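Written below as structure tokens is the structure these notes are about.
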Amino acid sequence: NGPDRRRGGPDRRDPEAVTRILIVDDHALFRVGIANILGKEPDLLVVGEANDSRSAVDRALETSPDIVLMDLSLPAPGGIETTQRIKRELPSTAIIVLAVSEDEDALFDAIKAGAAAFILKDVGPDDLVTIIRRVVDGEYLINDKVFAKPAVASRVLKEFRELAVYGQEAAPIFAPLS
């Protein structure tokens with residue numbers, strides 16, 4: 001009971017610190033649901049919502065959020081490219097990508113775009129709050145169901161091995177937008 005039993009566990013950070021969050025999803029009901037969940041947490045503040053890529057970048061620049069909750073399946077140009085754009089403009093903003101399914105390629109694209117976390121949209125409210133707090137604390141998180149697949153784990157190791165071997169000669173992660 002008390003503050004240590006709040007949803008998502010105790011908040012160990014500065015009690016005065018408030019995490020500013022932007023919610024990006026093309027489904028209004030999903031945005032409202034997330035905003036209602038986060039609105040119950042005194043240390044989390046939803047500073048804006050966006051329903052497409054352009055408004056996501058605009059809102060991010062207007063509000064300078066600490067965290068962006070990004071829908072992977074945002075309409076074109078999509079959640080990955082929108083993540084890249086926001087990270088390029090606001091490198092200190094952490095982006096949590098929310099996906100509908102366990103897509104290995106999407107996971108890698110999200111990480112390469114700069115996402116701090118990749119989770120499935122079926123995450124529970126308490127878990128989402130905990131994930132946001134952990135990302136704010138500097139952790140990088142990948143959904144256990146996705147990362148537990150042997151193919152994903154071996155691909156992660158292969159990609160890091162290639163980075164270690166080739167160093168600066170590795171293929172660029174980002175392609176120019178123009």
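General remarks:
- Excluding ligands, DNA and RNA, the accessible surface per residue across the stretch 34-124 is 41 Å² with a 1.4 Å probe.
- Between the amide H of Glu49 and those of Ile23, distances stay under 5 Å, these residues lying 5 or more places away or on another chain, with hydrogens modeled in the peptide plane.
- Protein heavy-atom surface of the stretch 15-74, 1.4 angstrom probe: 53% of the accessible area is carbon and sulfur, with nucleic acids and ligands not counted.
- Net charge of neighbours whose Cβ lies under 11 Å from the Cβ of Ile34, counting Lys and Arg as +1 and Asp and Glu as -1: -1
- The amide H of Asp66, built 1.01 Å from its N in the peptide plane, has Arg20, Ile21 as neighbours under 5 Å, considering only residues 5 or more places off or on other chains.
- Residues in the stretch 24-31 carry Karplus couplings, in order, of 10, 7, 7, 9, 4, 4, 5, 4 Hz; the curve used is 6.51 cos²θ - 1.76 cosθ + 1.60 with θ = phi - 60°, and Gly or Pro positions show x.
- The HN-Hα couplings worked out from phi for the stretch 91-96 by the Karplus form 6.51 cos²θ - 1.76 cosθ + 1.60 (θ = phi - 60°) are x, 7, 6, 8, 10, 9 Hz, whole numbers, x standing for Gly and Pro.
- Per-residue HN-Hα couplings for the stretch 42-51 [Karplus 6.51, -1.76, 1.60; θ = phi - 60°; Hz; x = Gly/Pro]: x, 9, 10, 10, 7, 9, x, 9, 8, 10
- Using distinct alpha-carbon pairs, which all enter the 1/r mean, Kirkwood radius of the stretch 9-103 in Å: 13.5
- Positive minus negative residues near Ile23 (Lys, Arg vs Asp, Glu; Cβ under 15 Å): -4
The values are calculated or read from the model by the stated rules, or taken from the named source; none is laboratory data. Source: prediction; values computed, not measured. When we count neighbours, we look across all protein chains shown, and the Cβ atoms used for this are built from the backbone with ideal geometry, even at glycine. To get the accessible areas, we keep the full protein, side chains included, count just its heavy atoms, and leave off ligands, DNA and RNA. Shrake-Rupley method; radii C 1.70, N 1.55, O 1.52, S 1.80 Å.
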